[in-house]
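One structure is given here, and the rest of the page talks about it.
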Amino acid sequence: MISEVSVHEKQNNDLPIKNEVDMLRCDVPDDVSKSFDSCIDLTLTKRPLRSRILHHLRRLALPIALGQLLSALIATTAIASNFLANFGVSLPLVQNLPHYLLLAVIYGIVSCTRFWSNPHENSHSLSGKLVKFFKTRGWQYFIAGTIDVHANWAMVSAYAFTNLTSVQLLDCITIPTSMLLSRFCLKTRYKWMHIVGVIICVIGSASMVGADYLAASIKGTTENSTTGGSGNSQHISSVLLGDFLVIAGAIGYGISNVYQEFLVRKYGMIDYLSFASLSATIWTVIYCSTLERNAIIEAIRVHDPAKLPSIVGCFVGFTLAMFLLYTIMPMALSKTNAVLVNLSLLTSDLYALLIGIYLFGNNFHPLYLASFAAIMIGVFLFASRDPIFRDLVETPEEEDELRIGL
């Protein structure tokens, strides 16, 4: 079992890292906390400057690297979706089904194998095991998978009604949603440095929207085509519907990420990936069979057989990117928190744009680089100070080996 006590027992001869200091401070009075902080700061100042710099860089490298890897994977899914749109394929539910199914099968096998090989669990009957599982966590995985499916569906569907600029602006609602939920549900305390980092990231995201307009004006269009859009000829009601879908999807992502952080910290990533994905698979199959059945038949009939390999390749690329995204996301959440992950994902639009310059002929504007720099500065500021977790949960010991080196 990994806990605060065990971590400090292992590192009793080393200088505590900042995350450990913050977590310990939650359980002591403020006056003791302040004196403890002063002791740690005094010890840190005794280190050579080079050692202190390397210490902070090592602590920042992993969460930022994981966040940018997730951002690059999201950009990959956007490029694959854009290729499918160019081929005339618009099946958002069918597009999400393979990776949900793949996650449920692969991690379901691992979870079931671990479950049956547990000698403590083998002493109970099968019905007793199932009842205990669904009472403690099964229903939570079902809710998590349900939220994730509907958030994905709302966000993907929004592109048919509104434009990319609106999606980029309104998608930032995920950040305050995850911060509020982390504060009130996970009892996470944020510092002024975190607030400043979030504000800078949002400013960087807003400037990226401005760069979209400037780049589009060069081409004489209303938007870049990195992920597709709807244009200015839409009726106002359709635009409002699209904006509402983006808001709903952004709030859903915020809820999903915080809930995922809670479940992963409490029960581990394997069970979450297997059973939440199973729930998402069930919902997606139901929706595909009822809402996209005719669209699937029509897509099979009208498409040129010569384009079929390219379409299948896009589906495979999208599925693999989403599989890696959903696999790495719990690892990132267990090492950081939902807010930092969402801040890191703001750079995905820039990655998709840079790839789209070569693939789709998108226009580039120097403001994109300034936007990226602002977002990364905000991410560094947020990651430089760890938030305080009042109610820490233990990581299942079965997950420990999977996190070595992460």
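Rule-based calculations on the coordinates, nothing more; no lab input. Just so we're clear, the structure is a prediction, and the values are computed from it rather than from any experiment. Quick reminder, even Gly has a Cβ in these numbers, built from the backbone with ideal geometry, and neighbours come from all protein chains shown.
Take peptides 64-71, 335-342, 144-151 and line them up by average Cβ neighbours within 10 Å, highest first, as a rough protection proxy.
Values: 64-71: 19.4, 335-342: 25.1, 144-151: 21.9.
Ranked from most to least packed, the peptides come out as 335-342, 144-151, 64-71.
Just want the ordering: CYS314, CYS185, from fewest to most Cβ atoms lying within 10 Å of their own Cβ.
Ranked by crowding around the Cβ, least crowded first: CYS185, CYS314.
With the crude spin-label approximation of a point 7 Å out along Cα→Cβ, what separation in nm comes out for THR327 versus LEU369?
3.5 nm
So what's the net charge close to VAL246: Lys and Arg +1, Asp and Glu -1, counting the other residues with Cβ under 14 Å from its Cβ? Walk me through the intermediate numbers first.
Values: positive: none; negative: ASP171, ASP243, ASP349.
With Lys, Arg at +1 and Asp, Glu at -1, the neighbours total -3.
Going down the list LYS187/LYS335; LYS135/LYS335; LYS135/LYS266; LYS129/LYS187; LYS129/LYS335; LYS132/LYS187, which pairs span over 25 Å between their C-alpha atoms?
Values: LYS187/LYS335 17 Å; LYS135/LYS335 28 Å; LYS135/LYS266 15 Å; LYS129/LYS187 31 Å; LYS129/LYS335 30 Å; LYS132/LYS187 27 Å.
Among LYS187/LYS335; LYS135/LYS335; LYS135/LYS266; LYS129/LYS187; LYS129/LYS335; LYS132/LYS187, the Cα-Cα distance tops 25 Å for LYS135/LYS335; LYS129/LYS187; LYS129/LYS335; LYS132/LYS187.
So if we plug the beta-carbon distance of TRP116 and LYS335 into 1/(1 + (r/R0)^6) with R0 = 35 Å, what FRET efficiency do we get, rounded to 0.05?
Numbers: r = 29 Å, r/R0 = 0.84.
Approximately 0.75, to the nearest 0.05.
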